[in-house]
Structure formats: structure tokens, C-alpha cells
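*Asks:* One structure, pasted below without further comment.
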Amino acid sequence: MKTAYDFIVIGCGGIGSAAAYRLARASGAEVLALEQFRIGHDNGASQDHSRIIRLSYHDPDYTALTPHTYTAWAEVERESGVQLVVKTGGLDLEAAGGDALASYSHGMNAAGIPFEQLSADEVMYRWPQYRLRDGERALFQADGGLVDSGKGIAVHVALARAHGATVLDQTPVRSLRVVGDSVEVVTDGGTFTAGKVVIAADAWTNQLLASFGIAWPLTILQEQVTFFATPNLREFAPDRFPIFIWHGSPDFYGFPVYGEVATKAAIDCGGDRVTTETRTFEPNPRPHRALIAFLERHIPGFLGPELRTKTCLYTMPPDRNFTIDTLPGVPQVVVAQGAAHAYKFAALIGKILADLAVRGQTDCPIAPFGAGRPALTDPNFPASFHLS
Ligand SMILES: Cc1cc2nc3c(=O)[nH]c(=O)nc-3n(C[C@H](O)[C@H](O)[C@H](O)COP(=O)(O)OP(=O)(O)OC[C@H]3O[C@@H](n4cnc5c(N)ncnc54)[C@H](O)[C@@H]3O)c2cc1C
């Protein structure tokens, strides 16, 4: 078996599968991707029917990237012939007196992204599914939508293989060691070497960084999404019901009917702290109750008999910003960690990781996401996310 490669990617979730594809386009058979579980497993962050994709973001560091992520997904759709992005429009909503939408307007204005500011009445006129009170308001951005996360992984893996890459699943990486200019990658299936290693391991990132004596202050939450078998299928179809994010305490988000014959919704940061060992697949009644109460109040027709609740892992540094960088002190290793909001960027982050691994640089503005920033190096850096 070939054991020496130019590039090894560890983790074949949303980001790693995209990196494997982009590296394989450049280096074909010199690329190996390793996944500890089966491709498409349910243990991490990416596996589901849908993830929100949007141009609207709370910070110009992200709106500088959002247009490029649509381009990256379009390249994958063109090469594969598989549609991955479904545009539904996107609503950012908030209660009267809220201040979240101001940062979204600022972020979009900074990038010249068109959007509309809507009052509660204007929202209910265009989307009668909503029950809003005076003072509640929204921003509408027409390019918002969903990306099919499960298909996205499968397509990236298939395209990587089509370009000659080797993708081994059920092959956990146990440790890494720099040997000269290369990195030794020890797995249960043997030891491999590579000139460059890409780590896209999300909740398991610190288990791999331990090989280099590095530990980031990552919080892992067991989150969940719920599918509702609504009887109002036509009203909640993708052409009639935009994806939404309600900005409040907590934040809620949801999707039109897609993947299942059901709507889907969840709370952001509603779950309990776990580790990759202690997480379960059991739904948590606390965030579930809060979600039902929110939907009954604002979008009653969205509800229906519960089809299922699916758990999933959020992994976040204190500033909840991405990390996309070469590992400080280990130039052979490139790493990405998505701070629990990265699937929409997976196709683009995969491209950036390949650039960093092949060329040592990228044209994308990633300076804010450096691995040496205080949020990762200062143990007292305060968390910016709120657990509900
Ligand atoms: C409930 C929920 C809702 C979300 N909603 C959105 C949304 O609407 N929009 C959005 O943009 N983002 C959203 N996110 C965040 C987004 O899904 C993640 O940021 C993204 O999927 C992270 O991708 P990843 O490839 O880094 O992680 P993962 O998919 O977890 O992949 C990491 C992979 O590395 C593998 N791995 C780890 N260690 C090893 C090892 N030692 N050896 C081999 N393999 C290893 C794991 O098995 C895993 O497959 C959501 C996340 C959750 C949980």
C-alpha cells in the first residue's frame, strides 16, 4: 500500500472533504484523506440535509468571504452536476429594541451586499406564515438559502476520488510526528507520511494538536435540530418560506421543507457542554421546550407532529471565530476549525486550506482567523457566545 503522500487530510466532514477535493484537483494521487468513522457518519458537525448559507453576516471579516463561498459551491455543482445550494431568501429577525440587526446591516453594507429592511407588517404581508408584534423587524437578503450538507460531503469525496485521491474511512489517526520536512501520520491501519498535513477535525481538533503540545480552549456543545411533519407543506416550501434566524436570547433558526417532508428548526447554543466521549444521541428536553414555545408564538404553521430530533456537535473557541491557518511552529501542518458556523463556507475553506498547503498562502482575507490570536492563546480570553 502506498504510504508516502504529498498531502494528507485528516477528517472527511464538510471542511476536510472539500480540502481533499481541492488538493486532488492540484495533486491527484498524491493526496490521502483519512476519516475515523464511515463517510457521512452522524458523530460530528456536518451530517444533515441542510445548513444555512447566507451573504448576511454580523462582521465585515465574514461578509468579505461570503460571496466567495457561493462561487466555490457553484464550481463544485458545475463539476459534479449535483445541485447543493438551494436559494430560498434569508430573513434575519429580531424583537423590538434588539440591536443585533445593526451589525448585520453594517456587515452587508461594508461588502456592498443588497438587502431590505422590513417592519413586522411588511414581513407578515410577504410571509403570512409569521405572527409578529409591532417593533419586531427583519432584514431580507435574497441569496440566503440552504446547502445540502450531507450531499456536499459525498460530492466532495466523489470528486476527490475522481481526481485520483485515496479516501480511507474508518481509519482513525492516533498521533502525528514531524520527521525532517515531513509528518508521520500514525493510524490503526498503518503509518503514512506526507509533506503537508491538513487537520479538519472540528470537535476532535485538540486530540490531534496534542501531538504538537498544543491545546485550544474549545467549548463543545451537544446541539440538536428538530424536524416537524407540518401539514402546511405548500406554505413552507422553499419557494415560499425563506430560511430564518431570530436574533434574541437565545437565537433560533429554521428551514423550509427540505430533505424530509418536514420543516426543521433549532436553538443556537441551546445544548449542554460535552466531550466527544460524553456526547449522546438523546434529545434534550430543555432546548426543545424553548423551541416549541418560540414557534407557537411566531410561526405556528411551521409545527406538526415531531418527525425526529437529531443531535450534533458545536465546537467553538471563545471568540466564536474560525481558525484557518498554518500551525504556529509547525509549517508542515495546516488547520481549520469552523467555530460552529462554517458549513456554508466549507467549499471555500477547503479551497483556502489547499492553497495554504500547496502554495503556503491564499488570496482570501483570512488574517482575522489566525491560530496565534489571543482567543486561542490567552487562557483568560472571555467567551463571546451565550449558552442558553
Ligand atoms: C446543529 C448544527 C447546526 C448547524 N447549522 C449551521 C448552519 O446552518 N450553517 C453553517 O454554516 N454551519 C452550521 N453549523 C456548523 C457546521 O455544521 C460546522 O461548522 C461544520 O460542519 C464543521 O465541519 P468540519 O468538517 O470541521 O466538522 P465535522 O463534520 O465534524 O468533521 C470533522 C471530521 O474529522 C474526523 N476526525 C476527527 N478526528 C479524527 C482522527 N483522529 N482521525 C480521522 N478522522 C478524524 C471526524 O470523524 C469528522 O468526520 C451547524 C452545526 C450544528 C451541529
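*Asks:* Starting from residues that are part of a strand (DSSP E or B) and within 11 Å of the ligand (Cβ to nearest atom), keep the ones in segment 252-269 and report whichever is nearest to Glu136 (Cα to Cα). It would help to see each step written out before you state the result.
*Replies:* First, the residues of segment 252-269 that are part of a strand (DSSP E or B): 252-255, 263-268.
Right, trim to within 11 Å of the ligand (Cβ to nearest atom) and you get 253-255, 264-268.
Details: Tyr253: 16, Gly254: 18, Phe255: 20, Lys264: 22, Ala265: 20, Ala266: 20, Ile267: 19, Asp268: 20 Å.
So the residue we want is Tyr253.
*Asks:* Name the helices (runs of 4 or more DSSP H) wholly within segment 1-101 that hold at least 3 residues that are under 23 Å from Pro365 (Cβ atoms), within 12 Å of the ligand (Cβ to nearest atom) and among the small types (Gly, Ala, Ser)?
*Replies:* Filter on segment 1-101 gives 14-27.
*Asks:* OK, next. Scan (1) outside the structural domain of Ile39 (by TED's automatic domain parsing); (2) of a type in the set (Val, Ile, Thr); (3) within 30 Å of Pro368 (Cβ to Cβ) for the single condition Val82 breaks and write down its number.
*Replies:* Going through the list (1) outside the structural domain of Ile39 (by TED's automatic domain parsing); (2) of a type in the set (Val, Ile, Thr); (3) within 30 Å of Pro368 (Cβ to Cβ), Val82 breaks only (3).
*Asks:* I would also like to ask the following. Could you list, in sequence order, all residues of segment 372-387 that are of a type in the set (Gly, Ala, Ser), part of a loop (DSSP other than H, G, I, E, B) and either within 18 Å of Pro60 (Cα to Cα) or touching a Ser or Thr at 6+ places or on another chain (Cβ under 9 Å) (or both)?
*Replies:* Once the filter is applied, which keeps residues that are of a type in the set (Gly, Ala, Ser), part of a loop (DSSP other than H, G, I, E, B) and either within 18 Å of Pro60 (Cα to Cα) or touching a Ser or Thr at 6+ places or on another chain (Cβ under 9 Å) (or both), segment 372-387 yields Ala383, Ser384.
*Asks:* Among the residues in segment 289-296, are any within 27 Å of Asp202 (Cα to Cα) and within 13 Å of the ligand (Cβ to nearest atom)?
*Replies:* For segment 289-296, residues within 27 Å of Asp202 (Cα to Cα) and within 13 Å of the ligand (Cβ to nearest atom): present.
*Asks:* Could you tell me which of the residues His156, His163 is away from the ligand (no atom under 13 Å from the Cβ), farther than 30 Å from Leu118 by Cβ and at pLDDT 95 or above? Walk me through it before giving the result.
*Replies:* Working: His156 fails: away from the ligand (no atom under 13 Å from the Cβ).
Unique residue meeting the criteria: His163.
*Asks:* Restricting attention to segment 163-184, which residues are without any contact (Cβ under 8 Å) to a residue 60 or more places away in the chain and surrounded by 13 or more Cβ atoms within 10 Å (Cβ to Cβ)?
*Replies:* Within segment 163-184, Arg174, Ser175, Arg177, Glu184 meet the criteria.
*Asks:* A follow-up question, please. Filter segment 1-47 down to residues that are in contact with a Ser or Thr (Cβ under 6 Å, 6 or more places away or on another chain) and open to solvent by less than 10 Å² (accessible area, probe 1.4 Å), then give me how many there are.
*Replies:* Of the residues in segment 1-47, 3 are in contact with a Ser or Thr (Cβ under 6 Å, 6 or more places away or on another chain) and open to solvent by less than 10 Å² (accessible area, probe 1.4 Å).
*Asks:* From the list Thr326, Thr377, which one is of a type in the set (S, T, N, Q) and in contact with a Leu (Cβ under 8 Å, 6 or more places away or on another chain)?
*Replies:* None of the others qualify; the one that does is Thr326.
*Asks:* Also: Out of all the residues in segment 355-376, is one or more crowded, with 19+ Cβ neighbours inside 10 Å, without any contact (Cβ under 8 Å) to a residue 40 or more places away in the chain and within 14 Å of the ligand (Cβ to nearest atom)?
*Replies:* Looking for residues that are crowded, with 19+ Cβ neighbours inside 10 Å, without any contact (Cβ under 8 Å) to a residue 40 or more places away in the chain and within 14 Å of the ligand (Cβ to nearest atom), one finds none in segment 355-376, hence no.
*Asks:* Follow-up question, since we're still on this one. Check Asp143, Asp134 and return the single one that is at pLDDT below 95 and either within 23 Å of the chain's Cα centre (by Cα) or assigned by TED's automatic domain parsing to the domain that holds Gly301 (or both). So that I can check it myself, show each step before the final result.
*Replies:* Details: Asp143 fails: at pLDDT below 95.
Of Asp143, Asp134, the one residue that is at pLDDT below 95 and either within 23 Å of the chain's Cα centre (by Cα) or assigned by TED's automatic domain parsing to the domain that holds Gly301 (or both) is Asp134.
*Asks:* For the structure I just gave you, tell me whether Ala201 is touching a helix residue (DSSP H, G or I) at 6+ places or on another chain (Cβ under 6 Å) and either farther than 22 Å from Gly28 by Cα or surrounded by 15 or more Cβ atoms within 10 Å (Cβ to Cβ) (or both).
*Replies:* Here the answer is yes, as Ala201 does meet what is asked.
*Asks:* Also, I was wondering about something else. Would you confirm whether any residue within segment 229-243 is farther than 23 Å from Met124 by Cβ and in a strand (DSSP E or B)?
*Replies:* So far as segment 229-243 goes, no, none of its residues is farther than 23 Å from Met124 by Cβ and in a strand (DSSP E or B).
*Asks:* Now a separate question. For Gln47, which of the numbered conditions (1) farther than 17 Å from Leu313 by Cβ; (2) touching a strand residue (DSSP E or B) at 6+ places or on another chain (Cβ under 9 Å); (3) at pLDDT below 95 fails to hold?
*Replies:* Evaluating Gln47 over (1) farther than 17 Å from Leu313 by Cβ; (2) touching a strand residue (DSSP E or B) at 6+ places or on another chain (Cβ under 9 Å); (3) at pLDDT below 95 leaves (1) as the failure.
*Asks:* Just for strands (runs of 3 or more DSSP E) wholly inside segment 109-225: which have at least 1 residues that are touching a His at 6+ places or on another chain (Cβ under 9 Å) and under 29 Å from Cys269 (Cβ atoms)?
*Replies:* Once the strands (runs of 3 or more DSSP E) in segment 109-225 are filtered for at least 1 residues that are touching a His at 6+ places or on another chain (Cβ under 9 Å) and under 29 Å from Cys269 (Cβ atoms), what remains is 145-147.
*Asks:* Within 30 Å of Arg25 (Cα to Cα), away from the ligand (no atom under 14 Å from the Cβ) and surrounded by fewer than 21 Cβ atoms within 10 Å (Cβ to Cβ): which single residue out of Thr193, Thr187 fits that description?
*Replies:* Values: Thr187 fails: away from the ligand (no atom under 14 Å from the Cβ).
So the residue among Thr193, Thr187 that is within 30 Å of Arg25 (Cα to Cα), away from the ligand (no atom under 14 Å from the Cβ) and surrounded by fewer than 21 Cβ atoms within 10 Å (Cβ to Cβ) is Thr193.
*Asks:* What number goes with the only condition from (1) touching a helix residue (DSSP H, G or I) at 6+ places or on another chain (Cβ under 9 Å); (2) over 24 Å from Phe255 (Cβ atoms) that Gly28 does not pass?
*Replies:* Going through (1) touching a helix residue (DSSP H, G or I) at 6+ places or on another chain (Cβ under 9 Å); (2) over 24 Å from Phe255 (Cβ atoms) one by one, Gly28 breaks only (1).
*Asks:* Considering only residues that are within 26 Å of Ala383 (Cα to Cα), among the β-branched types (Val, Ile, Thr) and open to solvent by less than 20 Å² (accessible area, probe 1.4 Å), which ones fall in segment 306-354?
*Replies:* Thr311, Thr315, Thr323, Ile324, Val334, Val335, Ile349 - these are the residues of segment 306-354 that are within 26 Å of Ala383 (Cα to Cα), among the β-branched types (Val, Ile, Thr) and open to solvent by less than 20 Å² (accessible area, probe 1.4 Å).
The values are calculated or read from the model by the stated rules, or taken from the named source; none is laboratory data. Just so it is clear, the structure is predicted and the values come from calculations on it, not from any experiment. Here Cβ is always computed from backbone atoms with ideal geometry, including for glycine, and neighbour counts include all displayed protein chains. The area values use the complete protein model at the heavy-atom level, side chains included, leaving out ligands, DNA and RNA. Shrake-Rupley method; radii C 1.70, N 1.55, O 1.52, S 1.80 Å.
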